[in-house]
Each structure stands twice: as C-alpha cells, then as structure tokens.
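Accompanying notes for the structure given below.
The values are calculated or read from the model by the stated rules, or taken from the named source; none is laboratory data. Model, not experiment: these values are computed from the prediction. Glycine also receives a Cβ, built like all others from the backbone with ideal geometry; neighbour counts cover every protein chain displayed.
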Amino acid sequence: MQFKKPIAWLVQDANEQGEGTLKRSLSGFQLIMLGLGVIIGAGLFSLTGIAAANNAGPAVTLSFVVAAAGCAFAGLCYAEFASMIPVAGSAYTYSYATLGEWVAWIIGWDLILEFSVGAATVAISWSDYLTRFLANYGLYLPPQLTRSPFETITLADGTIVNGLFNLPATLVIILMTLVLMRGTKESAIFNAIVVSLKVLVVLVFIILGWNYIDPANYQPYIPENTGTFGEFGWSGIIRGAGVVFFVFLGFDIVSTAAQETKNPQRNMPIGILGSLALCTVLFVLFAHVMTGLAPYTAFQNTAAPVAVAIENTPYTWLPQLIIMAILIGYTSVIMVDLLGQSRVFYSMSKDGLLPKIFAEIHPKFRTPWKSNLILCGFISLFAALVPIRVVGEMTSIGTLLAFAMVCAGVIILRKTNPELPRSFKTPLVPLVPILGILICLGMMAFLPWETWLRLFVWMALGVVIYLAYGRKNSVIRKRLAQEALEKAEAKV
C-alpha cells in the first residue's frame with residue numbers, strides 16, 4: 001500500500017498557529033530576497049567564464065536564457081504547489097501528497113544531502129576567499145587553522161605544514177546558525193541586507209564595465225562549431241546552458257519557507273518566480289559585459305574570469321570588491337542552505353520519519369532551534385575536518401530529481417484532485433511539467449558516474465534509517481491504521 005498524505009491534512013497543518021508552530025512573518029519581497037540570496041553565489045563569477053571559454057563564446061548570454069527557461073518550467077510547478085500547499089518541506093511535502101511516503105522519503109533524504117553538504121562546501125570555500133581577502137591587507141591567518149587535518153599547506157619559504165582544522169569555515173556556520181535561531185524574520189532582514197550588497201557589486205561591475213566594452217570581442221557572437229558537439233555553435237550554447245544551469249539552482253529553497261510566509265497563496269509564487277526573473281536579467285547583463293571586456297578565449301584555464309575582464313578597465317580596486325561580493329554571496333548561501341535543511345528536517349520530524357527533537361519549536365523565537373543546533377554541530381564539524389576536494393564535487397543531482405518529482409506531482413494532482421483551490425496555476429499542463437521532467441532527467445543522465453555512486457551510497461543509508469525508524473514511527477501510517485480500525489468497529 002502506498003501511503004499518501006491527504007491534502008486536507010496539509011492544509012490543516014498550514015492553518016495551525018500557536019506556540020508549537022512556525023511563525024508567519026515573511027513577505028513576498030523577503031521571499032524574493034531569500035531566492036536571490038541563494039541563487040547569486042560565487043558560481044556566477046566562475047562558471048560564466050568556463051561556459052564562455054569552452055562552449056558558447058560571447059553567446060553565453062543565450063546559454064543563461066536557455067538555462068533560465070529550463071528552471072522556469074520547474075519554477076512554475078513549484079509555484080502552483082507552494083500556493084496550494086503552503087507548508088514547510090518543499091519537494092518532500094509535495095511528493096508525500098502525490099507520490100506517497102516512500103518517494104517522499106527519497107526526496108527528503110536527497111534534499112538533506114543537497115543542503116547540508118552544500119553548506120559545508122560553501123563554508124570551506126568561504127574560508128579560502130576570506131584568507132585571500134585579508135592577505136591583500138597584510139593580515140595572515142595561521143595556515144594550520146584554515147585547512148583540514150588531511151591537507152598540507154606550502155608556506156612562502158617552502159615549508160610544508162599540516163592543517164589542524166578550518167576555523168573560519170566553522171565560525172561562519174555557527175554565526176549563520178545563531179542568526180537563524182533568532183527568528184525567521186530577523187534572518188530575512190539580515191539576508192535582505194546581504195543580498196542588497198552583493199547585487200550592488202554585480203551592478204557596479206555591469207555599469208562600470210559597460211563603458212569599456214570592445215565590440216570586436218563579440219565577433220563572432222556565436223563561434224563556429226569545432227566539429228565536436230558542445231564546442232561552440234548552437235550545440236555549444238546548449239552545453240553552456242548545462243554548465244550555467246547550476247548557477248540558478250537554489251530557488252526551490254524559497255518553498256521550504258512556505259509555512260513562515262504571510263499570505264503564502266499570493267507571496268510564494270512571487271518569491272519563486274520573481275527571484276528567477278531578476279536573476280536571469282542580472283546574469284545576462286553580467287555575462288554580456290564580461291565577454292565584452294575581454295575575448296572569450298582569454299577565460300580559458302582560469303578560475304577567476306572576472307579578474308581577467310577587469311584588467312581591461314582602469315579600476316584596479318574592483319577585483320578586491322569582487323572577492324568581497326563572493327564572500328557576501330557565500331554568507332547568504334550558507335544561511336539559506338541551513339534554513340532549507342532545518343525546515344525539511346522539521347517537516348520529516350512532524351511526520352514521524354525523524355526523531356521529534358527536529359520539530360521542537362523555541363517558545364519565544366518560534367524556530368526549530370534544536371534542529372538548528374544539531375545541524376550546526378554536524379555541518380561545522382564536517383567543514384572543519386573534511387578537505388574541500390572531497391565535498392567540492394557536490395552536484396545538483398538531488399535537486400534535479402526533486403524538480404522532476406515536483407513537475408510530475410502537478411500532473412498527478414490535476415488528475416486526482418482537480419477541485420482543490422489553486423491561487424496560482426501552472427500554464428499549459430501537462431506540456432510545461434513534461435518539459436521540466438525531460439530537461440531535469442536529461443541533465444541528470446549526463447552527470448558523472450561518481451555522482452551517481454555517491455547518490456546510491458547516500459540513498460542506501462537512507463533506506464536503512466527509514467526501515468529502522470521512519471516506517472515504524474510514521475504518523476500517517478498510525479493515523480490511517482486508527483481510522484481503518486474505527487471504521488471496522490463502526491461496521492460491527
């Protein structure tokens with residue numbers, strides 16, 4: 001038997017208010033800022049150059065448009081679900097209602113992998129950028145405190161020393177956890193300030209760089225294909241879209257805050273689609289200026305293509321500002337990842353699939369503070385002791401799988417529950433959800449086999465936990481069993 005969570009139960013959960021529930025405090029604007037906070041990360045400053053140099057040339061701007069269209073299909077489906085089922089948990093909750101408990105557990109376990117290890121990865125990279133930033137001002141952190149014990153550092157004099165633990169990575173996770181525990185509204189205000197700063201830096205780059213664009217760098221705008229699929233030409237634009245697609249990932253985290261949103265039926269679609277639309281405009285303009293400042297071939301074999309582009313302007317101070325933007329961007333990404341992780345844990349715990357401690361709400365701040373603390377300990381320890389080469393290859397396979405499931409869920413609910421009120425409807429169903437599914441599965445198919453292996457190992461661990469704990473303590477199983485017993489007794 002496939003145990004599905006009735007929509008009526010979800011709506012009842014969404015309408016509950018009180019000491020033991022999450023506080024509704026987020027507006028549509030704050031949700032947009034939440035989306036911008038996780039989407040605009042350091043990937044923009046690196047993947048844009050990679051896609052331009054290896055795949056699309058100046059037409060990387062078109063790659064961003066194609067990638068955004070792919071995200072939009074999933075985003076439209078998320079918007080319908082979020083307006084119809086405004087509860088925490090995102091794709092996990094939606095899958096529970098449409099595809100059943102087993103699939104929901106798989107999605108939830110996937111999201112745990114994405115958010116937790118992703119936060120640790122970003123924290124480690126944040127530490128590296130902070131070290132570089134401070135070094136430019138003559139401030140040097142002890143190298144042993146910026147690397148894991150499994151890494152070595154070569155000093156300026158050639159001496160090789162072993163790392164002890166990554167202190168900056170640990171501290172930034174602790175700091176962001178404290179901000180989250182203080183309250184979702186306060187976290188959103190902090191995030192809005194941080195996002196405003198890093199959007200400002202992106203705009204500064206676009207505005208200042210625009211005056212130094214060399215039109216010759218756009219010739220040809222779509223370089224001729226080399227004879228290999230994905231190396232320039234129109235196939236290169238599509239391959240480039242696959243590269244920059246990962247810059248957009250994270251907008252789904254907006255839906256994890258549905259239960260803390262005022263008027264979610266109206267504001268959730270605004271937050272999801274609004275953040276996607278604004279990011280697309282910013283990314284296209286950013287890529288246009290970057291490829292206009294320097295020929296796309298200049299971005300070959302460099303992890304800092306923006307620095308290469310800036311060399312063609314008189315603004316020598318701009319690279320340091322870009323590093324600052326990356327630091328700011330990473331900070332908000334870490335915070336939003338931790339937010340999404342704790343809200344998925346909250347939903348799974350409320351359903352009995354994880355221990356109750358993850359759903360305990362602080363009486364004053366109305367946040368899942370114990371879940372925040374536990375996750376802080378685990379993720380900060382991971383960031384402090386594990387080298388980035390181990391976690392640096394984290395991809396979006398879990399996110400893509402979740403996207404596909406949400407798209408499928410929209411089709412299923414249109415058939416099984418057509419009468420449910422939907423303040424936002426995905427247009428052109430089933431075409432839009434099917435396109436979303438095909439794009440997501442297609443991108444998953446081209447991911448490295450090592451990624452699939454890591455996913456398999458993680459899922460195997462999840463199956464063990466589900467069979468040992470989740471299935472036995474499932475609230476819906478107990479509740480449906482009780483209802484069946486009552487019906488049987490009533491017949492007698």
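Does the range 196-229 hold any residues that are among the aromatic types (Phe, Trp, Tyr) and under 20 Å from THR313 (Cβ atoms), and which are they?
Result: PHE205, TRP210, TYR212, TYR218.
From the list PHE345, PHE378, exactly one residue is hydrophobic (A, V, I, L, M, F, W, C), within 23 Å of LEU31 (Cα to Cα) and in contact (Cβ under 8 Å) with a residue 24 or more places away in the chain. Which is it?
Unique residue meeting the criteria: PHE345.
If you go through the range 195-207, how many residues are modelled with pLDDT of 90 or more and either in contact with a Phe, Trp or Tyr (Cβ under 8 Å, 6 or more places away or on another chain) or on the phi > 0 side of the Ramachandran plot (or both)?
1
Looking only at residues in the range 309-364 that are of a type in the set (Asp, Glu) and buried (at least 24 other Cβ atoms within 10 Å of the Cβ), which one is nearest to the chain's Cα centre (by Cα)?
The selected residue is ASP337.
So ASN225 fits all but one of (1) outside any helix (DSSP H, G or I); (2) in contact with a Gly (Cβ under 8 Å, 6 or more places away or on another chain); (3) surrounded by 15 or more Cβ atoms within 10 Å (Cβ to Cβ); what number is the exception?
Of the numbered conditions (1) outside any helix (DSSP H, G or I); (2) in contact with a Gly (Cβ under 8 Å, 6 or more places away or on another chain); (3) surrounded by 15 or more Cβ atoms within 10 Å (Cβ to Cβ), the odd one out for ASN225 is (3).
Just a yes or no: is a residue in the range 158-168 at positive phi, without any contact (Cβ under 8 Å) to a residue 60 or more places away in the chain and part of a loop (DSSP other than H, G, I, E, B)?
yes
Out of the range 57-92, which residues are at pLDDT below 80, more than 14 Å from PHE403 (Cβ to Cβ) and in a helix (DSSP H, G or I)?
Residues of the range 57-92 at pLDDT below 80: 82-91.
Retained after the next criterion (residues that are more than 14 Å from PHE403 (Cβ to Cβ)): 83-89.
Within the range 57-92, SER83, MET84 meet the criteria.
Filter the range 114-144 down to the residues that are surrounded by 17 or more Cβ atoms within 10 Å (Cβ to Cβ) and of a type in the set (A, V, I, L, M, F, W, C) and list them by number.
Passing the criteria: PHE115, VAL117, ALA119, ALA120, VAL122, ALA123, ILE124, TRP126, LEU130.
Residue pairs, Cβ under 9 Å, 6 or more apart or interchain, first in the range 469-491 and of a type in the set (A, V, I, L, M, F, W, C), second at pLDDT 80 or above and in a helix (DSSP H, G or I). List them.
Filtered contacts from the range 469-491: VAL475/LYS350; ILE476/TYR96; ILE476/GLU101.
Here are some residues: ILE153, ILE206, ILE189. Which one is part of a helix (DSSP H, G or I), out of contact with any Leu (no Cβ under 7 Å at 6 or more places or on another chain) and either farther than 29 Å from ILE310 by Cα or of a type in the set (A, V, I, L, M) (or both)?
On inspection, the qualifying residue turns out to be ILE189.
Return the residues of the range 228-256 that are in a loop (DSSP other than H, G, I, E, B) and either touching a strand residue (DSSP E or B) at 6+ places or on another chain (Cβ under 6 Å) or surrounded by 20 or more Cβ atoms within 10 Å (Cβ to Cβ) (or both); say none if nothing qualifies.
Scanning the range 228-256 gives PHE232, LEU249, GLY250.
Mind counting the residues in the range 105-153 that are out of contact with any Pro (no Cβ under 9 Å at 6 or more places or on another chain) and free of Cβ contacts under 8 Å to residues at least 24 places away in the same chain?
The total comes to 10.
Look through the range 114-150, keep the residues that are part of a loop (DSSP other than H, G, I, E, B) and more than 13 Å from LEU385 (Cβ to Cβ), and return whichever of them is modelled with the lowest pLDDT. I'd like the intermediate steps shown before the answer.
Of the range 114-150, the ones part of a loop (DSSP other than H, G, I, E, B) are 136-142, 147-150.
After this cut, where a residue has to be more than 13 Å from LEU385 (Cβ to Cβ) as well, the list is 136-142.
On the way: ASN136: 80, TYR137: 84, GLY138: 84, LEU139: 87, TYR140: 85, LEU141: 84, PRO142: 86.
That would be ASN136.
Working only within the range 415-447, note down all residues that are on the phi < 0 side of the Ramachandran plot and without any contact (Cβ under 8 Å) to a residue 24 or more places away in the chain.
LYS415, PRO418, GLU419, VAL429, PRO430, LEU431, LEU438, GLY442, ALA445
Which residue out of GLY398, GLY436, GLY462, GLY409 is under 30 Å from PHE165 (Cα atoms) and either at pLDDT 85 or above or assigned to a loop (DSSP other than H, G, I, E, B) (or both)?
Among GLY398, GLY436, GLY462, GLY409, only GLY462 is under 30 Å from PHE165 (Cα atoms) and either at pLDDT 85 or above or assigned to a loop (DSSP other than H, G, I, E, B) (or both).
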